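So the structure is just underneath, and the comments pick up after that.
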Amino acid sequence: MALQRTSRGLVAAVSLAAAVGLILTGCTNTGTGSNTSSGSSEQKVKSSDGPTCDISTYGGEKIDLKDAVVGFSQSEKEDNPFRIAETQSIKDEAAKIGVKKLITTNAQSTLSKQISDIQDMISQGANVLIVAPLNSDGLEPALSAAREKNIPVITVDRKLNAEACKDYVSFLGSDFVEQGKRAADQLIKGTGGKGKVAILLGASGNGVTTDRTKGFVDEIKAEAPGIEIVAQQTGDFARDKGQSVTEQLLQSNPEITAIYAENDEMGLGAQAAIIAAGKTPGTDIQLYSIDGTKNAVSQIVAGQYNGVVESNPRFGPLAFKTLKSFLAGDAVGQDIIIEDGEYDADNASSKVDGAY
Amino acid sequence: MSSVTIPLPRQGSALKLLQKYGVYLAIVLILVANLIFTPNFFTVDNLRTQLVQVVPVLIVALGMALVIGTEGIDLSVGAAMAMAAAVLPLYIGYGFLPALLIAIVAALVIGLVNGALIAFIGVQPIVATLSLMVAGRGLALLVAGEQLRPVIDPGVLALGRGTILGVPWAVLVAAALVAIVAVLVNRTTFGKQLVAIGGNRRAAELAGLPVKRILLVIYLVCAGLAAVAGIIGTARLAASVPSTIGNLIELSAITAVVVGGTPLSGGQVKIAGTVAGALLLQIITATLVKHNVPDAYSQIIQAAIIVVAVYIQRGKVFSK
C-alpha cells in the first residue's frame, strides 16, 4: 500500500519534472538575448599627477602584450550593468590588441574566491593581472603570490589599502567623493538650493557608499544651506529596497522635494515609489543618482528623472594602454583617475546611446 | 496531537498569556508608540504601504509555517521566488495568466527536488534546501540571463499597483492565501496529518499515514507560495530581478513563523501567529526607517526584538 503510494508519487514527480524541463529548455531560446555592448564612450584620464611607477622599480621583465597571458579577476556577480560593461570592455580590448590569452574569473562577491581566483590564474601562467578588487582590504595573500613572481597587477574601480608600485602597480578608477559632490551640484542647480532631501545610501560598510555620501553631504553643507537632508537610509544598491525605503520615507516626510540615490538602481526604485504615491517623478520630487546606466538615463529623456553622474565602467582601453606603457619600460601614474561624464535634461537625449 | 507543549513548572499565568498573545501585544505597543512619535503614521496611505510591503514575506512565511510544522525547514524559498521572477517575463508574451502559471510551475521544480530529497531519499531538510537555495538561484539566472528585465504588462502592473475599493490586489491575494492555508491546517485531514508528522514522524508512519507523500506536497506548496511572492515582488517593481529578489527572505520568514508561536521542533502550526509575526517585523522595519535610524543600529534593534520574542516563546519553541 505504502509502496504503491510512493511509486505513484514518484511518477507524478517525474512527469512534473519532465514538463518543467520542457518549459526551461523553451526559455533558453527566447530569453537570453543580451543587449549590452561595450559601448562607445571611452574613458578619459582626468588626473594622473603624483608618483609614478616603472618596471625597474617594481621588478619583472619587459614583455609585449601580444605574447602575454592576461588574467582578469572580476569581483562581483555580473548581474548589474556596471559589472557587465566592465568585463565586456576588458574582453573587447584584449581581443582588439590580440593578447596571447585572456583568462577571466568572477569571485561572485566572495573574498576568499577572489584570492583563489587570482592564485589560480598565476598558476595558469598569467604574466599580468587586472584586478577589480571586491574590497579595499583582504587581497594580501593574492597580491603576495603575484609579487613573488614579479607579476604586475593593475587594479580597477576600487582602490586597495596597499602600497602602489610595491604591492601593485597602479590604480585606475573614478573619484567616488567627486561623484557625490557632482550629484550634489546637479541637485542644488535643479532645486534652486532649497528643499528637503532624502539620501538612499548604498550597502553599509562599503567604501563606495562612504565616499559618495561624504562628497554629497559636504557639498550640500558648503554650498546650499537652504537644503535640509531629512533622511539617510540604506537601499543596499538594490532596486526593490530603494523602492520600499522610499515608500516609507514619503509617508513620514511628505515634504521631501528631492532624492539622491547612490546608484541608478535605487533611484529607479525610488521613481516607482514616487509614482505609486501619486506624485510625478522629476517634477514633484526630483531624482538624482550615480552610475549612468541606460535605464536611468533614458528616464531623464522621458522627463521622469533629473540627473545622473556617470561612473564609467569601460576600463579595457585604459587598462591595456597603461599595461603596455608599463611593460615597455615607461613610467605610469600610480593613481590614474578617470573623467566621468554626467547626464541631465539638456544632454541626455543626445548621449543616451553612450550609456551602458 | 495539535499541541504538545510541556508546561514549565511554576509558570505564572502572566507568562502564559504573554506566550500566547505576546506577538499581538508587541504589535499593539509599537503601533501606540508610532501613534505618539511618528508623524503621518496612522494615515490610510501609510497603513496600506505597510500591508503591501509585508505581502512577500507573509506569503513565504505561510509556506514556511507548514514546513516547520513537519519539523522541517526550507532555505530555498528565495530561490523559488527568483525562479518565478526569472520565468515570468519570458512568457508574458502569451498573456498574464499563462505566464503566471508557467512561472509557478517552474518554481515548483525546486519544491519537487526538495520534497523528493527529503521524503524519499531521507536527506535532512536543512541540507537539501540549502543545496536548492544555491542551485535554484543559479538556475534562475541561467534561465533569465543576469540582467534586470522590465515587465510591462497590464496584468502584472495591476497586481503590483492596482487596488479594488482601495485595497491593493497584492494584499487581497495574500489574504486569500492566508484563509486557504488556515483552513488547510485547521480544518482538513491533511492539516492533522501534517502536524502528526512534525510531532512524531515514526508514530505517524506506524499509524499508516502517507508520510512521504505528505512531505512532498508540503515542500511543493511551500515553493508554490514562494513563487506567488516572487511574482508579486516582480509586479511591484514592474521588473524581474532574479539576482536579488528574495535574498535572505528565508530568515525573515522563519523569524515571522517562530515569533508567531510555531515551534521549530514541529507538531504545531500557528497561521494567525505567523501573520502577526510578519506584520510585527514589517512595523519594526518601518518604524526604524521613518525615524532615520542608521542601518547598523536598526539591525541590532531588530535582532534584539527577535531574541526577546523568541525568549518569551521558549517554553514552546524548544520543547515538544
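Overall, the anisotropy analysis places chain B in the oblate class: the square-rooted eigenvalues a ≥ b ≥ c of its C-alpha gyration tensor yield a/c not less than 1.5, with a/b not exceeding b/c. Between A:Thr234 and A:Leu201, B:Asp295, the built amide H atoms are under 5 Å apart, and every one of these is 5 or more places off in sequence or on another chain. Taking 0.36 nm per residue of sequence separation and removing the Cα-Cα distance, the A:Asp64/A:Ile275 pair yields an extension gain of 70.5 nm.
Taking a straight Cα-Cα cut-off under 25 Å and skipping sequence neighbours fewer than 8 places away in the same chain, the lysines within cross-link reach of B:Lys192 are B:Lys16, B:Lys20, B:Lys212, B:Lys270, B:Lys316, B:Lys320.
Between A:Thr210 and B:Ala207, the C-beta separation translates, for a Förster distance of 56 Å, into a calculated FRET efficiency of about 0.40. Taking 7 Å steps out from each Cα toward its Cβ at A:Asn161 and B:Ile126 produces label points 3.3 nm apart.
Charges on Cβ only, +1 for Lys and Arg, -1 for Asp and Glu, centred on the Cα centroid of the protein assembly as shown; of B:Thr234, A:Ile338, A:Ser112, which one is farthest towards the dipole's positive end? The listed residue farthest towards the positive side: B:Thr234.
Here the peptides B:208-219, A:335-346 are ranked by packing, the mean other Cβ count within 10 Å, and the order with the highest first is B:208-219, A:335-346.
The shape of the range B:59-195 comes out oblate: with a ≥ b ≥ c from the C-alpha gyration tensor, a/c is at least 1.5 while a/b does not beat b/c. Just to verify a number: FRET efficiency for A:Lys96 and B:Leu29, C-beta to C-beta distance, R0 = 56 Å, to 0.05? Between A:Lys96 and B:Leu29 the formula returns 0.30.
Only aspartates and glutamates eight or more places from A:Lys221 in sequence, or on another chain, were considered; those with a Cα closer than 18 Å are A:Glu178, A:Asp185, A:Asp211, A:Glu262.
Summarising the strand pairing of chain A, around 15 percent of its internal DSSP beta bridges are antiparallel. Extension gain, B:Leu165 to B:Ile180, is 3.2 nm, computed as 0.36 nm per intervening residue step minus the present C-alpha separation. Where only DSSP H runs of four or more residues are counted, the protein assembly as shown gives -18500 deg cm²/dmol as its mean residue ellipticity at 222 nm, each run worth -39500 (n - 2.57). Across every direction, the projection of the convex hull enclosing the Cα atoms of the range B:202-290 has a mean area of 7.5 nm². The per residue volume of the convex hull around the alpha-carbon atoms of the range A:176-311 is 84 Å³. The GluC sites (Glu not before Pro) found in the range A:51-95 that occupy coil by DSSP, while having at most 12 further C-beta atoms within 10 Å, are A:Glu61. Inter-chain neighbour count for A:234-247: the average number of beta-carbon atoms from partner chains within 10 Å of each residue's beta-carbon is 5. Over 26 Å, how big is the tail of the calculated P(r) for chain A, in percent of all Cα pairs? Value for chain A: 55 percent of Cα pairs lie more than 26 Å apart.
Annotation: aspartates and glutamates with alpha-carbon distance below 19 angstrom to A:Lys62 (same-chain offsets under eight excluded): A:Asp54, A:Glu148, A:Asp167, A:Asp330. Label positions at B:Val310 and B:Asn40, each projected 7 Å from the Cα along the C-beta direction, are separated by 3.5 nm. Averaged over the residues of B:96-102, the number of partner chain Cβ atoms lying within 10 Å of the residue Cβ comes to 1.
With a Förster radius of 25 Å applied to the beta-carbon distance between A:Ala145 and A:Thr110, the computed FRET efficiency rounds to 0.90. Under the criterion of Cα pairs below 8 Å and six or more residues apart, the relative contact order for chain B equals 34 percent. Taking 0.36 nm per residue of separation and subtracting the current Cα-Cα distance, fully stretching the chain between B:Thr188 and B:Tyr94 would add 30.2 nm.
Read-outs: derived from the displayed coordinates by stated rules, not from any lab. Small disclaimer: the values here were computed from a predicted structure and weren't measured. So basically every Cβ, Gly included, is an ideal-geometry build from the backbone, and we count neighbours across all protein chains shown.
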